[in-house]
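A.B. asks: Dumping the structure here so I can ask a few things about it.
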């Protein structure tokens, strides 16, 4: 499996996602609060102000300026893959899997559950930065 989005190396992305999810008090704790509820309409995520966010690409990272908080955030490659996918519009976690993960359409349910956990944790981190939010106004 190779890169899916521009310049996103899958192996590096998996390492970054897992590092965030597995750290104590990190993404895993936040992820539980933001997981999609089973049996309900899937939650869609979007960039808070997509037309006002400023982005500077570096070799292996991206700097994103949040115009609401006036803060600048350093995104590693894993965070950038998720953020970049959301630049095209609101998406569910399933859509993000299809967009960010090579072979996302044909993966096993165990792999899909793992990627759902990983992406929810990363979305929680981006939400904590004020860069993304749930798009409750739009039905999936």
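Readers should treat all values here as calculations from the given coordinates under stated rules, not as data from a laboratory. The structure presented is a predicted model; accordingly, all values stated were derived computationally and were not measured. As a convention, Cβ positions derive from the backbone with ideal geometry for all residues, glycine included, and neighbour counts pool all protein chains shown.
A.B. asks: Would you mind calculating the gained length between residue 68 and residue 102 on full extension (0.36 nm times residue separation, minus the Cα-Cα distance), in nm to one decimal?
C.D. replies: That works out to 8.9 nm of additional length.
A.B. asks: Can you put 107, 91 in order, fewest other beta carbons within 10 Å first?
C.D. replies: Ordered by Cβ neighbours within 10 Å, fewest first: 107, 91.
A.B. asks: How do 59, 136 rank when sorted from fewest to most other Cβ atoms within 10 Å of their own Cβ?
C.D. replies: In order of increasing Cβ crowding within 10 Å: 59, 136.
A.B. asks: Can you give the Rg to Rh ratio for region 49-140, taking only C-alpha atoms and Rh from Kirkwood?
C.D. replies: 0.97
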